[in-house]
Structures are given as structure tokens and as C-alpha cells.
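The values are calculated or read from the model by the stated rules, or taken from the named source; none is laboratory data. For clarity, every value in this text was computed on a predicted model and none was experimentally measured. Positions of Cβ are generated from backbone atoms using ideal geometry, with glycine treated the same way; all protein chains shown enter the neighbour counts.
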Amino acid sequence: MTILTRQLGAGLRMLLVLTVLTGILYPLVVLGLGQAIDHQAANGSLVTRGGKVVASTSLGQVVPDADVAKWFLPRPSANAYAGNTSGGSNLGPAADAQIKALKDNGDAVRKANPGAPATLPPDALTASASGLDPDISPEYALLQVSRVAAARGIPEATVQRLVADHTKGRLLGFLGEPRVNTTELNIALADLPTA
């Protein structure tokens, strides 16, 4: 047996061992841990109604124009919340298209929410990096309370309580910012008893 044959044999054995370890065993361990630790999140955080999947709390949802007043709006999206693609616009902050998008987004927020302050929360104007993020700041959620309450004919206090109930704090008390998941919030709105 030549040295070349021994090295080739050793290389092939190593390939087989690493393929089994990293291509089969490791993914199975990670899958098992995910299922054991948080089954719901590991399976896409899906929401079902009547046996049919209607949303994922990990994704922002498009709100139909006809119903826009009745729902909390997520951040703007560069890809209309298409779950099969993700990504931002890749425009720089000084790009003419980005400046126009910020102005247009601000105009749309002010038009939909007449009592909006002069300075809007940044997440009301800018898309997330993925373009799929359902989370907004509590400030942006509270800005939308009057519109949603009026469109649904329910007291603002009820809608404010929903926002407070769905506001999540910083992870571990210091990581990230407080946030409100608009998909979860809109599901809670849909589940409110009708008058």
C-alpha cells in the first residue's frame, strides 16, 4: 500500500465521519433540542384558525387597504412581507429613493393617524433589515391606538390595555429595546368579543 493510497483512505474515512457528525447527528440534536425547549417557535410560531394556518408570529403581516384602520400596522417592508424573500432595500441613508421613502412613509402614518406627533418613531418610517419583522416600538403602537379604537368602535382604554399586555421588555433585562409584536396584537384584536 502506497502512501498516496493510505492518505486517500484516511481522507475518505474522515469525510464519512464528518458527514455523519455534522450532516446527520448535529442537525438531529439541534432539532431535538429545539422541539424540547420551545416546540411552538421551532415549528415556525404558526397561528391556526379552524385548522388552517393563518399567520406566523415571527412574520409581519400585510394589512388589506380596505381594513387598514382596524389593525396595527407593522414597520414598512421593502418586500411587502413576502415570507419567501427577505432583505432590505440596501439604500443608503442619503439615497434619493430612501429620502423619498421616509417622507412617503411619514405622510402615510400622519394621514392614517391624524393625532400623530411631529416627530414620528423611527420604526414608523424605516423598514427592518429583513423586511419581515413584526415588532414595533411601544411608541409606534400607542400612536395607532386612537385610529384602531375608532375604527372598531371600542374604548381607547381597551386597545391601550392590549398594547400594554403585548409589550415585551428587553431580553434578559438589558438586551434590545421594548417591543410589541403586531401579529400577536392583531390576533388579540381579532379575538376581542364583538359588541
Between Gly106, Gly169, Gly173, which is surrounded by 11 or more Cβ atoms within 10 Å (Cβ to Cβ), without any contact (Cβ under 8 Å) to a residue 40 or more places away in the chain and out of contact with any helix residue (DSSP H, G or I) (no Cβ under 8 Å at 6 or more places or on another chain)? Gly169
Unmet criterion (only one of (1) within 17 Å of Ala188 (Cβ to Cβ); (2) at pLDDT 90 or above) for Gln7: (1)
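Can you pull out the residues in region 147-177 that are acidic (Asp, Glu) and in a loop (DSSP other than H, G, I, E, B)? Let's see the steps before the verdict.
From region 147-177, those acidic (Asp, Glu) are 156, 165, 177; that's our starting set.
Glu177 - this is the single residue of region 147-177 that is acidic (Asp, Glu) and in a loop (DSSP other than H, G, I, E, B).
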What number of residues within region 128-146 satisfy the criterion of being more than 11 Å from the chain's Cα centre (by Cα) and either modelled with pLDDT under 90 or assigned to a loop (DSSP other than H, G, I, E, B) (or both)? 1
Closer than 30 Å to Ala95 by Cα and either surrounded by 16 or more Cβ atoms within 10 Å (Cβ to Cβ) or out of contact with any helix residue (DSSP H, G or I) (no Cβ under 9 Å at 6 or more places or on another chain) (or both) - does that describe any residue in region 143-160? yes
Count of residues meeting criterion [touching a Leu at 6+ places or on another chain (Cβ under 7 Å) and in contact (Cβ under 8 Å) with a residue 24 or more places away in the chain] in region 46-62: 3
Selected residue (only one of Ala151, Ala118, Ala129 is of a type in the set (A, V, I, L, M) and over 24 Å from Ala55 (Cα atoms)): Ala118
Quick check on Val180: is it in a helix (DSSP H, G or I), in contact (Cβ under 8 Å) with a residue 24 or more places away in the chain, surrounded by 12 or more Cβ atoms within 10 Å (Cβ to Cβ) and β-branched (Val, Ile, Thr)? no
